[in-house]
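Have a look at the structure below, then the notes.
The values are calculated or read from the model by the stated rules, or taken from the named source; none is laboratory data. Since the structure is predicted, the reported quantities are computational estimates derived from the model, not experimental observations. Note that each Cβ is placed from the backbone with ideal geometry, even for glycine, and that neighbours are counted across all protein chains shown. Accessible surface is based on the protein model in full, side chains and every heavy atom, while ligands, DNA and RNA are left aside. Shrake-Rupley method; radii C 1.70, N 1.55, O 1.52, S 1.80 Å.
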Amino acid sequence: MAYLTHFILLLLINLASSQQISNTESSSSSTTNPTTTEDCNNRWIYIRNLPSRFNLDLLTNCSEYPIFDDFCPYLANHGLGQKTHTKSRSWYRTDPLLLELIFHRRILEYPCLTNDPNGANAVFLPYYGAIDSLKYLYGPDVNSSFQHGMGLFDFLQSDEPGIWNRHMGHDHFLVMSRPAWDFCQPLDNDPPIWGTSFLELPEFYNVTVLVPEGRAWPWQEHAVPYPTSFHPPNLACFEAWIQRVRRSRRVSLMLFAGGGGIGASPNIRRSIRTECENANTSMTKDNTGYSQICHIVDCSNGICEHDPIRYMRPMLQATFCLQPPGDTPTRRSTFDAITAGCIPVFFEEMSARSQYRWHLPEEKYPEFSVFIPKEEVVFKGLKILDVLMGIPRNEVRKMRESVIELIPRVMYRRHGSSLGLRTKKDAFDTAIDGALQTIKDKLNDLSEQ
């Protein structure tokens, strides 16, 4: 029964994809469509036609890796997942791993698609690389992880090789929905350690790769926001949420939604838990103005990952949302917090500032976030509470408004959304702009050599 369900889902995805490509191509060739004139200058994208073994067929393995997780339930709604409840219009149980599928579905609605690769400014590869990597990370091919992506390269070289050879891949881009660290194992590691070698393959050095987390010194990757569970279908739903965020009473000073910090070794999560416990017992509403100083939402063992109600309601009631690094520097919670109008507090530059330059302008971080070096907290005794309480209330209000202004840039609106909502650039639109500009700059550099 499960296999039949997945097969039907794949048929629906294929049908929707084919229909949308046809509609987009016919409208792009129409002289009445305004996107066929100056609006699409330097913005044409050609979607490479890849065999389904590189994308949709990979979804049939959604339950094949028990050591990882079964992501079959989250394939619904073209990767957005199931709705949080039957009457929900904007909220889904979204799995970040499915950003590749979400992006693939959205790019089919991009208004400047072209059938002519020679006239395209960029070539999109709809390759589900992170999902393909699971067989190397958690499956039977762990000892051949250096081969991750080679099948794709062989296809690009054998099928219409002129598309690749035109700029030797400099004009190509793709999405991989896991941190770049998972794809940068050195090719000469023997025996192999964690990760695949996709980003270490010389064959793909020229390709622009969009990932939810880049390395400290990225070569070809650019970070884009993790998908949250908020995917509004129209302007009315979006504006209703914005109004709810603005009206929400912030009864908690600070919030941490996550796990960890219970071990004996000193680390930022342990410091946060300790400070929260002490603050809640020693401080009152009379001397702070808050009903609760620190709220911890326990998300241990992944219990919050597909249940946004657990953390979004508390985030709506908090002024500051703490974003300590975990296994890697970045967190999906950063974008959940922004969606809730909760001011993010970072403890590492790599958690956001040096990552999401397209979506969160580096020069504006002081306007919408707080930075507290984790070393100051863990080893020098700096109190997070003292820093946050020291920010004037009128400054906090300005920061919250700046956070709310960022919400469109970090959300992925639902595919097939209304024309009114499409006037607001979301995370997908901003990523496309960034990829096009990056490719343009690379091609200009090549022409000057």
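Observations on the structure shown:
- Dimensionless Rg ratio for the chain, taking C-alpha atoms and the 2.2 N^0.38 Å reference: 1.01
- Count Lys and Arg as plus one, Asp and Glu as minus one, and take only other residues whose Cβ is under 14 Å from that of CYS299; the net charge is then +1.
- D (Stokes-Einstein, µm²/s), Kirkwood Cα radius, region 245-410, 1.567 mPa s at 4 °C: 81 µm²/s
- Difference of contour (0.36 nm per residue) and Cα-Cα distance, SER158 to SER300: 46.4 nm
- Net length gained if the chain between GLN147 and SER354 were fully extended (0.36 nm per residue, minus Cα distance): 71.5 nm
- Value at 222 nm in deg cm²/dmol, rounded to 500, when DSSP H runs of n ≥ 4 in the chain each add -39,500 (n - 2.57): -11000 deg cm²/dmol
- Computed FRET value (nearest 0.05) for ASP116 with MET168, which takes r as the C-beta separation and R₀ as 25 Å: 0.85
- Inter-label distance for LEU187 and GLU376, nm, one decimal - labels placed 7 Å from Cα along Cα-to-Cβ: 4.4 nm
- Size of charge dipole - region 245-410 - debye, nearest 20, with Cβ of Lys, Arg +1 and Asp, Glu -1, no other charges: 480 debye
- Percentage of interatomic Cα-Cα distances in region 33-127 larger than 17 Å: 61 percent
- Within straight-line reach of LYS425, meaning a Cα separation under 28 Å, sit the following lysines at least 8 residues removed in sequence or on another chain: LYS83, LYS87, LYS364, LYS398, LYS440, LYS442.
- Of the DSSP H helices in the chain, those whose Cα atoms cover at least 20 Å axially and whose Kyte score averages -1.0 or more: 2-28, 393-410, 427-448
- Heavy atoms of ASP433 accessible to a 1.4 Å probe, total area in Å² rounded to 10: 40 Å²
- Length-normalised contact order of the chain in % [C-alpha pairs under 8 Å, at least 6 apart]: 14 percent
- Charge dipole of the chain (Cα centre as origin; +1 on each Lys and Arg Cβ, -1 on each Asp and Glu Cβ, all else neutral): 2240 debye, rounded to the nearest 20.
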